Each structure stands twice: as structure tokens, then as C-alpha cells.
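Report on the following structure.
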Ligand code: TXA
Ligand code: MG
């Protein structure tokens, strides 16, 4: 299959909407990362997403809507706390897990009775969903296990020949995927920290639980509860080492081969590539792109220097820890 990479325009969005209605798969930009979308209500279309990504079919997809009113087509009920979160954070990088409605096929939810839903804060994504006339199921548009794509060219690197169209909408503003919160349990539980921080959520609905894998990806987990944790994620080809405490010079000194460092503070360690990022917001935007960059220039060990364990830092740490872990 020939893959077209086209700059976003009204015409391209029309073409993409038509492809979605015909049961095809299209990659499109959101504020978090690029998504690989298909009609969420069409089982055969959704199957194509899993095939293009090489993703195991028990790993459920997030359903994207362009209007809060469309939630009723997808979920059974919206609990009060979920309504509060929607009011405050949609459109935006927050996915709510809710009881699924009958029209959503099991293919979309990986066999679960719950469905993840979000309304992205990106003009291209919103017009595409509206144009298609269906909710769009979309995982990140990387091939399975690779860092999520924050530029259209990342999608092309991974999926050239596998999908008909990639809409180029420039760089993603947030750079990390949405925060996922399970609203079906007594106390809501964060399954994946992302673009909306835990602190922001607790300001609106009070205390939430954190799934143990949020801070420790090596935790053994029940697939039914946090399925995203079963498989290795976000990984560059290089080995990733997270430095929390301790002497950076000592650690880099003991690495063999080409070493690259990503740091939030100035450091004076000599290595092949040193990237100093000014603040956590910028690091969130850039982390996946930097992983791909390090691979492209032949780095074989990426050292990520200390990141604060709060706010967006917690979300970045979650991705880095997964990339650094050996779980497969
Ligand atoms: O920002 C994002 O969320 C991006 C953009 C494209 O919207 N999407 C994204 O999708 O990151 P994906 O599939 O790469 O990650 C979604 C995670 C997966 O780990 C999946 O297992 C989990 O969400 N998930 C989806 N539906 C779920 C459900 N019903 N119950 C539990 N976890 C669910
Ligand atoms: Mg993903």
C-alpha cells in the first residue's frame, strides 16, 4: 500500500473523513501524540489498527469524540465525578474509563466491558472526527513498542506502506499521551499519568488512587486492570538508564559504547550527545522525539538525569521507567 503524507487542509480532512467512513485507517495529529484512527464502531476497521501497529488485540483502544454530547453513543452512564472532570478538562489530554455502551464492539475494548474515551484538544483531530461522523478509536500511531510519534515523520518511519494516509499537523504540543483514569471503581484510579497531572485532577474530584504501575512498571499487574502495563512500551533501541541519585560521572564512566544524556540541569560530563532541556513542559514535549533522535545518531545507552516525581515529571518518569524496564 502507498502511504500518502499530506499537510493538513480542509481538503485533506475531507479525504481522511471519507477513508474513515469506508472502514480505512488514517494517522492524525492530536495535542498529545499522533493517533492511528478508525471508526470505533466498525469491528473490521478497528482490526486494521491492530494489524498496522502489530499490537496484541487484548490491548484496548481509546475512543475519541468531537463533542461531549456524543458520549451517550459510547458509554452507558457518566458518573458525577466523571462529569466534573469532563467539564474541567475536555477537550484535553484526559481519558476516562467508563462502562461501555452496546454499540461499541469488543474489538475496540480488547474484550472489556469498559471503554476509554477522550475529546482531544486539537483542531485537526476534532474536524476529522466531525467530518467522519463516527467516534474514532485510536492508539498512538507508532509501531508496537516504539516511542510514541510527536511528528508526522515519526509515523511515516513506523507505518510507511501499512496505512493509506498520514495527516501532518506539525509537532504535538503536549508530547506525552493522555492521563488515563478509571472512573468505574469506588475511588477513581489513575492507570497512566499523562498530560493532565494528578494534582490537577485531585483539585476537582478529591483524592484518587494511583495504580502501582504508575510509579513502578515492574509491578506484577492484573491485565484486566491496567492492560497497558503488560507489554514493553515507548522503547528506543538504545538501553535506557534513569539516574535518580548518585554520581552521574560514575554512571556514564561505567557505560560502554556511545552514551547520550538527557538532563533538566546543566551537567559537565563528556559523552557523545548531551541534551539539556529547560523545564519539564519542554521535556514532556520532547522526550519521545529525543529517544528517536538518540537512536538515529547511533547512541546505544541513553541516560536520563533526575526528574522531579510530581506534576508532569511523574508522567515523564513513568515513560522513562517503562523504556528502562526489561518487562516484555
Ligand atoms: O493521548 C493519547 O491517549 C493517545 C492519543 C492518540 O489520543 N492515545 C494513546 O493510545 O496513547 P494507546 O492505545 O497508545 O494507549 C492507550 C492505553 C493503553 O495502554 C490501553 O491499554 C489503555 O489505554 N486503555 C484503553 N482502554 C482501556 C480500558 N477500557 N481499560 C483499561 N485501559 C484501557
Ligand atoms: Mg501507545
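None of the figures in this text is laboratory data; all of them are computed from the coordinates on show. Keep in mind it's a predicted model, so treat the numbers as computed, not measured. All Cβ positions, glycine included, derive from the backbone under ideal geometry; neighbour counts span all protein chains shown.
Side notes on the structure shown:
- Value of Rg to Rh for the range 94-215 (Rh from inverse mean 1/r over Cα pairs, i.e. Kirkwood): 0.97
- Mean residue ellipticity at 222 nm, helices only, the chain: -9000 deg cm²/dmol; runs of at least 4 DSSP H residues each add -39,500 (n - 2.57), and the sum is divided by the number of residues.
- Two-site FRET efficiency, residue 123 against residue 245, from Cβ-Cβ distance with R₀ of 45 Å, rounded to 0.05: 0.55
- The ranking of 271, 172 by Cβ neighbour count inside 10 Å, starting from the fewest, reads 271, 172.
- Taking the longest Cα principal axis of the chain as reference, the axis of helix 80-89 is set at about 70 degrees.
- Translational diffusion coefficient (Stokes-Einstein; Kirkwood radius from C-alpha pairs) of the range 4-66 at 20 °C, 1.002 mPa s, in µm²/s: 172 µm²/s
- Across the range 49-108, C-alpha contacts under 8 Å between residues 6 or more apart give a mean separation that, scaled by the residue count, equals a relative contact order of 44 percent.
- Each DSSP beta bridge with both residues in the chain is either parallel or antiparallel, and the antiparallel ones are about 35%.
- Residue among 212, 29, 278 with the largest mean-square fluctuation in a Gaussian network model of the chain, springs linking Cα atoms under 10 Å: 278
- Hull-based mean projected area of the chain, where the convex hull spans the alpha carbons, in square nanometres: 15.6 nm²
- What the pair-distance distribution of the range 240-324 shows, using all Cα-Cα distances binned every 10 Å from zero, is 18, 57, 24, 1 percent.
- Length-normalised contact order for the range 39-163 - Cα pairs under 8 Å, 6+ apart - percent: 36 percent
- Mean Cβ count within 10 Å, highest first, over the residues of peptides 293-301, 307-315, 136-144: 136-144, 307-315, 293-301
- Packing-based order for 96-107, 7-18, using average beta carbon neighbours within 10 Å, highest first: 96-107, 7-18
- Listing 197, 184, 207 from fewest to most neighbouring C-beta atoms within 10 Å gives 207, 184, 197.
- Taking all Cα pairs closer than 8 Å and separated by 6 or more residues, the relative contact order of the chain comes to 20 percent.
- Paramagnetic label zone (point 7 Å from Cα along Cα-to-C-beta, residue 219; backbone N under 17 Å) in the range 283-316: 309-311, 314-316
- Degrees, to the nearest 10: 123-132 long Cα axis against longest axis of the chain: 30 degrees
- The equivalent ellipsoid of the range 97-145 has semi-axes of 20, 15, 10 Å, largest first, where each one is the square root of 5 times an eigenvalue of the Cα gyration tensor.
- Helix 280-296 axis, angle to the chain major axis (alpha carbon atoms, nearest 10°): 80 degrees
- Remark on the range 241-281: hydrodynamic radius 11.0 angstrom, per the Kirkwood mean of 1/r across alpha carbon pairs.
- If you plug the beta carbon distance of residue 130 and residue 4 into 1/(1 + (r/R0)^6) with R0 = 22 Å, you get a FRET efficiency near 0.55.
- Peptides ranked, highest mean first, by Cβ atoms within 10 Å: ranges 60-66, 248-254: 60-66, 248-254
- Largest first, the extents of the alpha carbon coordinates of the range 30-131 on the three principal axes equal 35, 28, 21 Å.
- Taking other C-beta atoms within 10 angstrom as a stand-in for reagent exposure, 244, 70, 211 fall in the order 244, 70, 211, fewest first.
- Largest to smallest principal axis extent of the C-alpha atoms in the range 112-174, angstrom: 30, 29, 25
- With a simple spin-label model that places each label point 7 Å from the Cα along the Cα-to-Cβ direction, the separation between residue 103 and residue 73 comes to 0.5 nm.
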